[in-house]
Each structure stands twice: as C-alpha cells, then as structure tokens.
Amino acid sequence: MEEEKLTGSEEISAAACTVEASAAEANGLSEVNRAAAWEGCSVLLDINDGDRLVFSRLSPSASIKIGNKKCSLRPLVGCPFGSLFTVETGPGGPHLSRSAPSSAGNCVEEISKDEGQSVDEIRDNRSLIDNNTAQSLSSEDIEAMRSEGATGDEIVKALIANSSTFEKKTAFSQEKYKLKKQKKYAPKVLLRRPSMRSICETYFKKHPQRTGFMRVDTLSMLLSMANVGPYSDALVLDKLGGLVVGSVAERVGGTGYICSTYFGTVPYQIDIVRMFNFSNDVCARILQAPFNDLSPLQNTPSECAMSDPSDVGPGSPETAQPDPNELMPDSDSLLDSRNNGDDTLTGQKPVKPGRKAPPEIVKSWKDNGFTSLIVAAPEMDVENLIMDLLPLLAYSAPFAIYHQYLQPLATCMHKLQASKMAIGMQISEPWLREYQVLPSRTHPHMQMNAFGGYILSGIRISNTGGVIEDKAA
C-alpha cells in the first residue's frame, strides 16, 4: 500500500508541473513562461538550505547526484522557480518529488507552546554522553524501512522515537538534531532562478578566484556607483568571466546597450552571461567591440594596458568556465550555446549575447559617449587602462573601477587628479555582516568574510580649460 501511495503522489506532482507548463505555453508570453523552469534553461539547485549549490541546464539527460543517489532533473521542467523538492525512492529508483515548504523554522515556537517555558529552563545537555548507545535503531533497520518504501521523513520520525536522549535535549538541540537527520535521510532541493545575486554568491562560495573575489555587496555597489539603470549605454571591461556584463544587462533590462570592450583581437570570455536566461531582446543589447573601434583617434592602447598577452586570468577560458565536477552534475555544459531556452519559449532562433557591435551603433557611441563605465580587470594595469577608457565616456558620466587591492586604485586616483580628468573621486571599501535570524538566536554569523575588495568611483569632466590655463601660464 505504501508503494501505491508513493506512486500516486509522484503522478500528482508530475501532473501539476505539466498543467503549469501547458498553461504557460498556451499564454505565449515570455515573461510568464520565465516564471517557471523550461527545458534548456539554466537553474541553480540549492541542496539542504545552502549546504551545496549546483548550476545545471535542464535537458532530458540532466541528472544530479545527492549522496549516493542519482536523480533525474526532468521533474523540474515546468515547475515555478522557488519550488521545493525532496528525494524519494519509488519503484523506478530515486527521484525528485515536489513538496510543500516545511514549517521546520517554527518548531522551536511549537515546542515552547506545548511544553511551556518552565520545562525548557530546567533542561540542559550536561548529562548527555555521546557514546553511540542512545539510538536503538540500527543501520539494518533503516535499510529495511527504505526497502519497504518508507520516506525520508518517516525515517527521521523513527530515529527520534527510538532516541533515548531526544526528550532530554533542549528545544534548540532538538531542532539541530532534526535538521541533521533531515539532511542525511530526507534531503531537500530548492529550485532557484539564476540572478545577479545568486550567481555571484555561488561563485564567491565555490570558486571566488574565478570572479576576482567579488562579493555580492561589492557588485551591487559597483553598479550603483556607475549609475547603471534603464536606457543606459554602459561600457564594461569585464575579465571576470561575464559576471559584471550579465549583472549590468539584468539592471538595464533590455532598454539600453551594454558594450563589452577588450584590448587586442580576441574578445574576453563572458560565458557566465548565458546562466542568466536572458531573452532575445536582452541578449541583442549585449555587444562586444574592440577598443580600437571605439577610440575616436583609432590609436593603439597603452602598452601597460596590453600587458596581458596570454589573457590568462579570471576571465580566461581556463578559469571562467565552471568546474564540471563542482558546479555541474552532468555533462551538459552551461556554456554550451546550442541549448538556449529562447527557442523553446518563443519558437525564434536564439540570439547569442556578445555579438559584434554594428557600425551605426559604434558611431553613435563615438559621437555621444557612454553614460557609464565599469572596469573589473584585476589582472590588468588599471592606471593606464583608465586613461584609455575614460575619454570614451560622455562628460559628467560616472565611472567605477573594481580591484582586489588598494594600491593600484590609489595610484590610479592620483593620476586622474593630476590630469584633471575627473572629480568627486573616492575609494570605497564595501563592508558586509551576515546575521543569523532565528527565534531567540539572532546574532552575527560566527564565520564571515572580512574582505570585499575596493572600488574607485568618480565623474568624468572636460579638462580643456585646465590645459589652456596651463599653456597660458
């Protein structure tokens, strides 16, 4: 009977996702369709509330390994972002089953209401000894329950019922015990939408060197100081794999243009942009153009700015792509442009982000200048780099430069002050403190990252008057 109930719940979950996908398909609007996962889109899988973060592309063969169980990602297609899944075992083997969010966060309040505050005050863990004798349920009994079709939640309840010390623990210790067993026997998978924040946080947690150790608060401050918004024409030098270009495109929202410039003949990698699941309209606004095409004088860039001939850094192919063993659960790479979700949504041919800028748009940029400038190239010499890129900005336009270290930005700031090319310059150090917010246990995290890099910001001005005064003197 238990197997029949499990099969029925699996069919109901699959039917619910199918109905949602059919309704979104019948609507025909990309904005509505993008509220749910579709085949070919990139997703972020949050396993056990942040214990493990995995990027994946939904395809018929996509799968994920959780513990020693390998589950197909097909049940995720058609489900809205934010859906919660549990790993269950059925007749066909392990699979992901959609479930409602649990009320585990309120268990402390429920225990306090049921047992009273006075009972919890006399409890403590002083008399508890960890000698592996408190649990009467053996591993053979757990395997027997699994073979009979017991769910993970049922196994957790059985472990609690057979624990001789569970009732002696405090309410907080009981909650920790439940969460520990739930992560082992009933893991949860949260379907998250890849966004500027989620992508930056994931890379900072897994591989911070690939994105120049940029923290999410630093990235948001970088966009704010550069005044990136709708209808902006932003000039971006991104050697962090495309994280900054994708974030600017998300902020602009398909109304302005993003020019990813580069020095030399080979464009810098912006493969992370494809994780954002941008529509064709947004992808068409992400363009690439070499510096020589943007420069009004068609001059050769500074020699120091070109002191990166191998282009081996955070934005290079060797480091920009996610590690298949760490970020990808299957062989379908996120950086493969053949499976873009736009053709599934609208029936149109997908537009690849980062195409070469048309001559008429380049001419408009030369005539009017860019409205914002963002530089995120820790491996390059920013001092000479900004002297080449700043003249491409319109007058009174803001700029923001990110670097891991303070000294390169201090030198760059001194050079800009001496050349009288910018005003309002300041070097900012982002600061972030994360808090744990739980009932009766709100406090800063015990382990935090104390370094977020530095940002040099300012406003470009015309220095023609200063040059004339110097010559007259």
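The values are calculated or read from the model by the stated rules, or taken from the named source; none is laboratory data. The structure displayed is predicted, hence computed values, not measured ones. When we count neighbours, we look across all protein chains shown, and the Cβ atoms used for this are built from the backbone with ideal geometry, even at glycine. With ligands, DNA and RNA removed, areas are computed over all heavy atoms of the protein, side chains included. Shrake-Rupley method; radii C 1.70, N 1.55, O 1.52, S 1.80 Å.
Here S97 clears all of (1) at negative phi; (2) at pLDDT 90 or above; (3) not charged (D, E, K, R) except the condition numbered (2).
The strands (runs of 3 or more DSSP E) falling completely within the stretch 363-464 that include 2 or more residues that are open to solvent by 60 Å² or more (accessible area, probe 1.4 Å) map to 422-428. Quick check, is R74 in contact with a strand residue (DSSP E or B) (Cβ under 9 Å, 6 or more places away or on another chain), within 22 Å of K206 (Cβ to Cβ) and at pLDDT 90 or above? No, not satisfied.
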